[in-house]
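Asks: Quick one: this structure, given as structure tokens, is what I'll be asking you about.
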Amino acid sequence: MFAERVGHLALQQLDAAGRWALFGTRAIRHVGAGGALGARLARAIFELGVRCVPVIVIVSAFAGLVLGLQGHYVLSRFGASGMLGTLVSLSLCRELGPVLAALMIAGQAGTALAAELGIQRSTEQIDAIELLDVCPEGFLAGARMLSSLFVFPALTSLFVIVGIAGGWLSGCVLMPQDPDAYWSAVHSAIKGRDVFECLLKAGVFGLLTTALCAYQGFYAHRSGEVGARAVGVATVRGIVLSSIAILVADYLITAILL
């Protein structure tokens, strides 16, 4: 009985993964369904990008401030306080920037996307789109997935820049660090490969987040609940699965590129 239950659960997860892959493929293939692609892209960029700028700036500033304080404390114990700029810049560029930025966007824009599509499913708006012979995946999710390839790298770059400035503020203004040595270390530490890895992670995280949140909202009626509870379940699943996918993808990309 135990083996049967494990096998049944594994088949369910494989079925869900296959449905998600088909959903994402149809969304990208039929991104122009329904027309007005430019307007939908602009709206998606505004919802995923512009609305998330305040939270990105606040989180990145305090992440940089904490890194500067902790970095100064740790490095000074080994007589290497001049490496503070290297520690802050590489930590933000290679790991913290892409991961934290993606988690913040998923928490704000991803949940909104899952809830919106979940409401459209519960009110039969998606069924109406299908009756009009328009691909609902492409019309509702395609533009958002496409825009994430631009929005996530842009916001991640902003996160890294603000975070490095926060590290300078805490390490060189609040602590007795040499500002010239800090910026010189930042300049010499970040290479083209680090920037490439940062932007690659951001793009992958963007596709995963938008695809998972849109999928959960699109199929909210399959959660076993109805109405508002189905929307709530879809929203929670979207953010939880997106967060897990971001961390798993971060490890895999880092392991491959190192």
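Readers should treat all values here as calculations from the given coordinates under stated rules, not as data from a laboratory. This one's a predicted model, so the numbers in the text were calculated from it and none came from an experiment. Cβ coordinates were reconstructed from backbone atoms using ideal geometry, including for glycine residues, and neighbour counts include every protein chain displayed.
Asks: Rg (Å, one decimal) plus Dmax (Å, integer) for the alpha carbons of segment 33-257?
Replies: Looking at segment 33-257, its Cα Rg and Dmax stand at 20.2, 69 Å.
Asks: A follow-up question, please. Highest first, please rank the peptides 220-231, 183-194 by the mean number of other Cβ atoms sitting within 10 Å of their residues. Spell out each step's value before the answer.
Replies: Values: 220-231: 16.2, 183-194: 14.2.
Those peptides, ordered most packed to least, come out 220-231, 183-194.
Asks: Give the peptides 21-27, 90-96 in descending order of average Cβ contacts within 10 Å, highest first. Don't skip to the answer; put the middle values down first.
Replies: Working: 21-27: 17.1, 90-96: 21.4.
Highest-to-lowest ranking by the protection proxy: 90-96, 21-27.
Asks: May I pose another question? Would you calculate a helix-derived [θ] at 222 nm for the chain, using -39,500 (n - 2.57) for each DSSP H run of n ≥ 4 and dividing by the full residue count, to the nearest 500? Before the final figure, lay out the partial values.
Replies: Details: 11 runs with 196 residues, N = 258.
About -25500 deg cm²/dmol.
Asks: With charges set only on the Cβ (+1 for Lys and Arg, -1 for Asp and Glu), what does the dipole of the chain come to about its Cα centre, in debye to the nearest 20?
Replies: Details: 17 positive and 16 negative charges, 17 e Å.
Value, rounded to 20: 80 debye.
Asks: Return the whole-Å distance between the Cα centroid of segment 12-45 and the Cα centroid of segment 132-184.
Replies: Using only Cα atoms to place each centre, the spacing works out to 24 Å.
Asks: Could you tell me which residue out of V233, G138, V74 lies farthest along the dipole of segment 33-257 toward its positive end? Charges go on the beta carbon: Lys and Arg +1, Asp and Glu -1, centred on the Cα centre.
Replies: Final value for the positive-end residue is V74.
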